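Peer 1: Handing you a structure now.
No lab work stands behind these numbers, since they all come straight from the coordinates. Bear in mind the structure is a predicted one, so any value in this text is a computation, not a measurement. Cβ sites come from the backbone with ideal geometry, for glycine too, and all protein chains shown count toward neighbours.
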């Protein structure tokens, strides 16, 4: 036991300020879900609270797993998840027009969610093994590109553009943090911009093209495809600075705001808590990102630094994309 702490060593070494911040974000989320259900724990707050508690315990247990084990499982785990993605394409269960799950009877497994984790771990391990003198050579580019491209393409086929982009974002972040030249990312960005029109007309599905058009002008179909984002912006704007008050939201309680407990929960919160509540949530996630990157910077190994920074960035991407979506910016 450390002399500077009253806690036993396994607990004293935990990043408690990060844990308390995550608990605060999760707790505030449960408060919002309670209101979204009209002042009831069911069906959302109780279910989310149980899941949050279970996964929080799992996260604490996983934090005690030696880094060596993460290194050893990075490549095998990536290969297994890649194989599962192939199985999804061949044998996956179809729901809502998408083929994203493996039906195991007792659970429906979505391998693409696991790939978000293992693409970061696998690339962190790749660059950990790569000699520093090789970082500017072709070998440091093409193989990581293939490792990102294959699972992203398989997920695109499901179709699930959002998850595919998250896999790409997590992988590219690790490549950037590993020290690849900036010009490569600028060239890649230019190439993406050049092929975007081709992808729009020949690769995207009809509903994906419609999403692009609605993003550019949601008011063009306010009662159809643009309904969600229009109602979301109304909810956020009507909250003003201090909000309408807890349990007093009308957009969610009167069912004008679809998916107010999931995709558009930020809009539900903003209507009742206003700009102040929105800034609290944004500030909390920014602080979580900062502390996560600080932990990554202090990691003693290259693998640890890349893995921690990549996973922290993935969480931040999730938050940023959702925030932009509910405000009509993405």
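Peer 1: Identify, please: which residue in segment 174-194 is surrounded by 11 or more Cβ atoms within 10 Å (Cβ to Cβ) and over 24 Å from the mean Cα position of the chain (by Cα) and is, among those, farthest from residue 141 (Cα to Cα)?
Peer 2: If we take residues in segment 174-194 being surrounded by 11 or more Cβ atoms within 10 Å (Cβ to Cβ) and over 24 Å from the mean Cα position of the chain (by Cα), then 187 is farthest from residue 141 (Cα to Cα).
Peer 1: Hey, another quick one. Among (1) under 18 Å from residue 28 (Cα atoms); (2) outside any helix (DSSP H, G or I), there is one condition residue 300 misses while meeting the rest; what is its number?
Peer 2: Here residue 300 clears every test but (1).
Peer 1: Sticking with this one: Is it true that some residue in segment 205-226 is within 23 Å of residue 119 (Cβ to Cβ), surrounded by 12 or more Cβ atoms within 10 Å (Cβ to Cβ) and under 26 Å from the mean Cα position of the chain (by Cα)? First the steps, then the outcome.
Peer 2: Taking segment 205-226 first, the residues within 23 Å of residue 119 (Cβ to Cβ) are 208.
Narrowing further to those that are surrounded by 12 or more Cβ atoms within 10 Å (Cβ to Cβ): 208.
From the residues that got through so far, the ones that are under 26 Å from the mean Cα position of the chain (by Cα) too are 208.
Yes, that holds for at least one residue.
Peer 1: Could you list, in sequence order, all residues of segment 88-114 that are closer than 13 Å to residue 154 by Cα and touching a residue at least 24 places away in the same chain (Cβ under 8 Å)?
Peer 2: Result: 88, 89, 92, 98, 99, 100, 111, 112, 113.
Peer 1: Restricting attention to segment 230-268, which residues are surrounded by fewer than 15 Cβ atoms within 10 Å (Cβ to Cβ) and in a helix (DSSP H, G or I)?
Peer 2: Hit for segment 230-268 is 237, nothing else.
Peer 1: Still on this structure, I have one more. Which one of the conditions (1) farther than 30 Å from residue 149 by Cβ; (2) in a helix (DSSP H, G or I) does residue 72 fail to meet, given that it meets all the rest?
Peer 2: It is condition (1) that residue 72 fails.
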